[in-house]
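To start, the structure itself, in structure tokens.
The values are calculated or read from the model by the stated rules, or taken from the named source; none is laboratory data. Just so it is clear, the structure is predicted and the values come from calculations on it, not from any experiment. When we count neighbours, we look across all protein chains shown, and the Cβ atoms used for this are built from the backbone with ideal geometry, even at glycine.
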Amino acid sequence: MGEVIFSQTYSGDGLSRWQVAHEMSIRLEDGALVVSDTERHSWHLLRLHDPAFLFRIVRVKCRVKFCVNCTTNFYIHHYGSIDVAEISPNGNIVDNGISISLSVDHVSKDVFDIDVHFLNLHPTLSVGCSNNCKPVYSGTGHEQFVLMSVLVETFDANAELSSVPAEERITIVDVGGQGGLQIQWMLRADRITPMVFEPIPSEAAAIRETLGRIPGAQVIEKALAHATGTQKLHIAASSDCSSLRAPNIEVLQRYSIGRLFTTIGTQEVECVRFDEFFRTQSAPSPDMVKIDVQGFEYEVLIGFGRLLESCLAIELETHVTPIYIGQKLLCDIVSLLDDFGFSLRKINEIKHFDGDAIEFDAVFTKRRERIMASSEPVKRKFAAISDALGLAPYS
């Protein structure tokens, strides 16, 4: 397993760091956490958050005492409706889930040490109750178990995250990566090679802290554009509204969210066309492109040039009304991508504009006939991308 990178034991008052995430009731009593489920139909989980857990092999060792009238199993959960392990009140392993190793030692009457290792692809850990392999259930409102202590350790996961051959991995170019990878790609970190472009150094550093644990991952402190050179970034009151285009105050003043787009400063940022970066930096050709650049999506796409011919899917945020001065709209992007063999497959409104349909998430993929004519490895990549994006497979 290698050397321990992070180690922390939660006991006594430290157990209070495990917070209710879904329908649970907890109280500290005699240095232990007494856990009850509720009568509501939901998940029944406690959760602990720490970036140290992300993209690591995690060991969770819980000392658990099952209550006399316990009606559920002890459950360890991975974010994204993924089971890690489930153990019955008599210590039997009901489900191994995604655990790499799992052991249960009987300490004393009704008390067990449950020790599990698994690959964790989210910055949280969750434990709770499951009703006979049904983690979503209607509870009783009674005490289920007492959490006496939890040891958490993390280990390097390079081998596990490298298990998929390079030619089978999905190359993702994430443009405007503030906040890190989207959850659907985090949960598939063992199957992707991500390249994130984020021009703000502090944001890039925050992304690099965890993304660097994925083999081959890169964080580039540049902005993508249609031309290489320096451009002015308009820093907004809400940083995720910052853009290489100035806000369209005439439109934004109509909406309560408009104040978040107010420019509070500017910053010169280095921009590059992706196809030029590809030629000079030996960057991989993208299979999947995600763009969130606040009104500059069209220009970013232009900068990919002919590389869009081999790209399989694109997800971007776009608008039907110009909230930035001079921006291209959804119709322009549909027209551009049609020339490269893309179809608009899904569109979801982002409800930020007081009931007006202004902002959307749009997903484009290569048209069916192009995919059907592709090689088997490309078809497998396309199927994996479609699954991650929630798209029905081509038949």
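Where in the stretch 243-333 are the strands (runs of 3 or more DSSP E), entirely inside, with at least 1 residues that are surrounded by fewer than 16 Cβ atoms within 10 Å (Cβ to Cβ) and not aromatic (Phe, Trp, Tyr)? Give the steps one after another, and end with the answer.
Details: elements: 263-272, 288-291, 313-319.
Fully inside the stretch 243-333 and qualifying: 263-272.
Spot the failing condition for Glu167; the list is (1) outside the structural domain of Arg27 (by TED's automatic domain parsing); (2) in a strand (DSSP E or B); (3) not aliphatic (A, V, I, L, M), and only one is missed.
Glu167 satisfies every listed condition except (2).
Considering the stretch 209-221 alone, what residues qualify as being more than 16 Å from Ala157 (Cα to Cα) and surrounded by 18 or more Cβ atoms within 10 Å (Cβ to Cβ)? Quick ask: steps written out before the conclusion?
Going through the stretch 209-221, the residues more than 16 Å from Ala157 (Cα to Cα) turn out to be 218-221.
Residues satisfying the conditions are Val219, Ile220.
Kindly indicate whether Gly2 is touching a strand residue (DSSP E or B) at 6+ places or on another chain (Cβ under 6 Å), at positive phi, in contact (Cβ under 8 Å) with a residue 60 or more places away in the chain and surrounded by fewer than 18 Cβ atoms within 10 Å (Cβ to Cβ).
On the way: touching a strand residue (DSSP E or B) at 6+ places or on another chain (Cβ under 6 Å): yes; at positive phi: yes; in contact (Cβ under 8 Å) with a residue 60 or more places away in the chain: yes; surrounded by fewer than 18 Cβ atoms within 10 Å (Cβ to Cβ): yes.
Answer is yes for this residue.
I need a count of the residues in the stretch 275-289 that are within 26 Å of the chain's Cα centre (by Cα) and without any contact (Cβ under 8 Å) to a residue 40 or more places away in the chain.
Residues in the stretch 275-289 being within 26 Å of the chain's Cα centre (by Cα) and without any contact (Cβ under 8 Å) to a residue 40 or more places away in the chain: 1 in total.
Filter the strands (runs of 3 or more DSSP E) completely within the stretch 30-127 down to those with at least 3 residues that are basic (Lys, Arg). Spell out the reasoning first.
Working: elements: 32-37, 44-49, 56-66, 73-78, 82-87, 93-95, 101-108, 111-120.
The strands (runs of 3 or more DSSP E) meeting that bar are 56-66.
Being free of Cβ contacts under 8 Å to residues at least 60 places away in the same chain, assigned to a loop (DSSP other than H, G, I, E, B) and in contact with a strand residue (DSSP E or B) (Cβ under 9 Å, 6 or more places away or on another chain) is the filter here; which residues of the stretch 337-354 pass it?
Residues of the stretch 337-354 free of Cβ contacts under 8 Å to residues at least 60 places away in the same chain: 337-351.
In the following step, the residues that additionally are assigned to a loop (DSSP other than H, G, I, E, B) were identified as 339-341, 351.
Listed by number, the residues that qualify are Phe340, Gly341, Lys351.
Hey, among Phe382, Phe364, which residue is modelled with pLDDT of 95 or more, within 21 Å of Arg169 (Cα to Cα) and either part of a strand (DSSP E or B) or not hydrophobic (A, V, I, L, M, F, W, C) (or both)?
Working: Phe382 fails: either part of a strand (DSSP E or B) or not hydrophobic (A, V, I, L, M, F, W, C) (or both).
Selected residue: Phe364, the only one of Phe382, Phe364 that is modelled with pLDDT of 95 or more, within 21 Å of Arg169 (Cα to Cα) and either part of a strand (DSSP E or B) or not hydrophobic (A, V, I, L, M, F, W, C) (or both).
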